[in-house]
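Right, one structure below, let's go through it.
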Amino acid sequence: MGKILIIGGGAMGSAFSIPCLENNNQVTITEPYNKIFIKNLASKKKFHPSLKLNLPKKLKFKYYTKNILKEKFDLIVIALSLAGIDFIGKELKDLRIKTPLLVLTKGLKYDKKKNKILTISNLFKNNYNASNVSVLKGPCLAKELAKKNKTSVIVANKNIKIAKMIGKKISTKYYIVEFSKDIIGVEICSAIKNLYAMIIGAGIHLNTSSNLFQKSLKEMKYLIKFFKGKDETTLGLAGLGDLYVSAAGGRNSKMGYYLGKGYKFEVAKKKFMPNDTVEGEQLAREIAPFILKKTNRKRIPLMINLLKSIIYNKKLKIN
Ligand SMILES: NC(=O)c1ccc[n+]([C@@H]2O[C@H](COP(=O)([O-])OP(=O)(O)OC[C@H]3O[C@@H](n4cnc5c(N)ncnc54)[C@H](O)[C@@H]3O)[C@@H](O)[C@H]2O)c1
């Protein structure tokens, strides 16, 4: 079907290779950063330490060098965590790579100089001259995808034809792809759901959490409108769908649970989750300066209280 390069051999990049291979693509994975992933992906068995399975034999692994980006691919998939985005953006810019990009990474950046929140597709376009950027988001636990459990995701691009072309390359019976033109709404939803998953986790009990769930959705609707996304996106896979899976389990809702129990963020992190990356924390620190100043705080009291609890290390107030 095509030649796909996946940059990032973490849980998501590796799991994503499975439907791509099943759809008869030639898939190469490369890992620029993590020595454990490199060691495992380069081995014969390709045992993935966080997915806890052997990846398909057909999956090719190449050590990361700039040269790999110069090879001819039909699609380059970015599956690095947010911390790796500037690195790969710069590499792609320096080499003037024009291959279509598909970004799996979730998160947002704050541009201090312009006082603007940038989505990852904005960042690739504005800072790294990438012209053809699509994003793939939605409720997808990498471990479940790797076991071929039925998973639905959404690919967004203003040019829906490009999104559909990508969908054709990657979808299988168990990996179902929807499409959207609302790239900004999809990206904002897929990032802020991590913060709302913390808030819902802080409810501790199901009755309380359900109430926080519906309040979270209302706040997400406000924020999506604020950033000029579409209302319907909040209720789609990148919004409501991803919020459900993140609130039901995962590191953000776990951290939320400790905040709800009355621990301050720094104490909870040190005591219960010292080695875990809590994506919601990183996002909070990134977007707090903008959200606290520029939005209507009365419309998003849960978000405001959560941001304050993280950045000022204060007890979380959710009522
Ligand atoms: N779109 C989806 O369907 C979907 C689903 C789940 C997760 N995700 C997102 O995918 C991203 C990766 O998640 P994961 O579960 O694979 O995480 P992971 O921790 O298993 O892997 C992280 C990847 O980022 C790389 N990385 C980390 N820090 C880096 C740095 N400073 N420079 C360069 N590379 C660096 C690692 O080497 C690795 O390749 C996250 O943003 C996550 O939110 C997307």
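The values are calculated or read from the model by the stated rules, or taken from the named source; none is laboratory data. All figures in this text were calculated on a predicted structure; none of them were measured in a lab. In this analysis, Cβ positions are derived from the backbone assuming ideal geometry, glycine residues included, and neighbour counts consider all displayed protein chains. Calculation scope for accessible area: heavy atoms of the full protein, side chains included, ligands and nucleic acids excluded. Shrake-Rupley method; radii C 1.70, N 1.55, O 1.52, S 1.80 Å.
Close Cβ contacts (under 7 Å, 6 or more residues apart or on different chains) running from residues in the stretch 291-317 that are open to solvent by 10 Å² or more (accessible area, probe 1.4 Å) and of a type in the set (Val, Ile, Thr) to residues that are at pLDDT 95 or above and outside any helix (DSSP H, G or I) are absent.
What number of residues within the stretch 162-198 satisfy the criterion of being more than 20 Å from Leu235 (Cβ to Cβ) and part of a helix (DSSP H, G or I)?
Going through the stretch 162-198, the residues more than 20 Å from Leu235 (Cβ to Cβ) turn out to be 162, 164-175, 198.
Subset that is part of a helix (DSSP H, G or I): 162, 164-170, 198.
Counting residues in the stretch 162-198 that are more than 20 Å from Leu235 (Cβ to Cβ) and part of a helix (DSSP H, G or I) gives 9.
Checking each residue in the stretch 251-282 for being within 16 Å of the ligand (Cβ to nearest atom), closer than 18 Å to Lys314 by Cα, more than 16 Å from the chain's Cα centre (by Cα) and open to solvent by 30 Å² or more (accessible area, probe 1.4 Å) picks out only Lys254. If you go through the stretch 119-148 and pick out every residue that is more than 14 Å from the ligand (Cβ to nearest atom) and closer than 16 Å to Gly229 by Cβ, you end up with 1.
A single entry from Gly239, Gly262 fulfils the requirement of being under 22 Å from Gly203 (Cβ atoms), part of a helix (DSSP H, G or I) and of a type outside the set (Lys, Arg): Gly239. Considering the stretch 1-51, and only residues there that are among the β-branched types (Val, Ile, Thr) and part of a strand (DSSP E or B), the residue that is nearest to Lys169 (Cα to Cα) turns out to be Ile4. So in the stretch 61-79, with the set limited to residues that are in contact with a helix residue (DSSP H, G or I) (Cβ under 7 Å, 6 or more places away or on another chain) and under 22 Å from Asn157 (Cβ atoms), which one is nearest to the ligand (Cβ to nearest atom)? It comes out as Ala79. Whether any residue in the stretch 48-57 is within 14 Å of the ligand (Cβ to nearest atom), of a type outside the set (Ser, Thr, Tyr) and closer than 16 Å to Leu102 by Cβ is what I want to check. There is no residue in the stretch 48-57 that is within 14 Å of the ligand (Cβ to nearest atom), of a type outside the set (Ser, Thr, Tyr) and closer than 16 Å to Leu102 by Cβ. Of all residue pairs spaced 6 or more apart or on separate chains, those with beta-carbon atoms under 9 Å, a first member in the stretch 80-91 that is near the ligand (Cβ under 8 Å from one of its atoms) and a second member that is at pLDDT below 95 and acidic (Asp, Glu) are Ser81/Glu279; Leu82/Glu279.
Residue check: Tyr174 meets all listed conditions (1) surrounded by 22 or more Cβ atoms within 10 Å (Cβ to Cβ); (2) in contact (Cβ under 8 Å) with a residue 60 or more places away in the chain but one, namely (1).
A search for C-beta distances below 6 Å between a residue of the stretch 95-113 that is over 21 Å from Ser81 (Cβ atoms) and any residue that is within 16 Å of the ligand (Cβ to nearest atom) and of a type outside the set (Asp, Glu), counting only pairs 6+ apart in sequence or on different chains, returns Leu95/Leu69; Thr99/Ile76; Pro100/Leu75.
So, Val135, is that one open to solvent by less than 10 Å² (accessible area, probe 1.4 Å), more than 20 Å from Gly9 (Cα to Cα) and assigned to a strand (DSSP E or B) or not?
On the way: open to solvent by less than 10 Å² (accessible area, probe 1.4 Å): yes; more than 20 Å from Gly9 (Cα to Cα): no; assigned to a strand (DSSP E or B): yes.
No, not satisfied.
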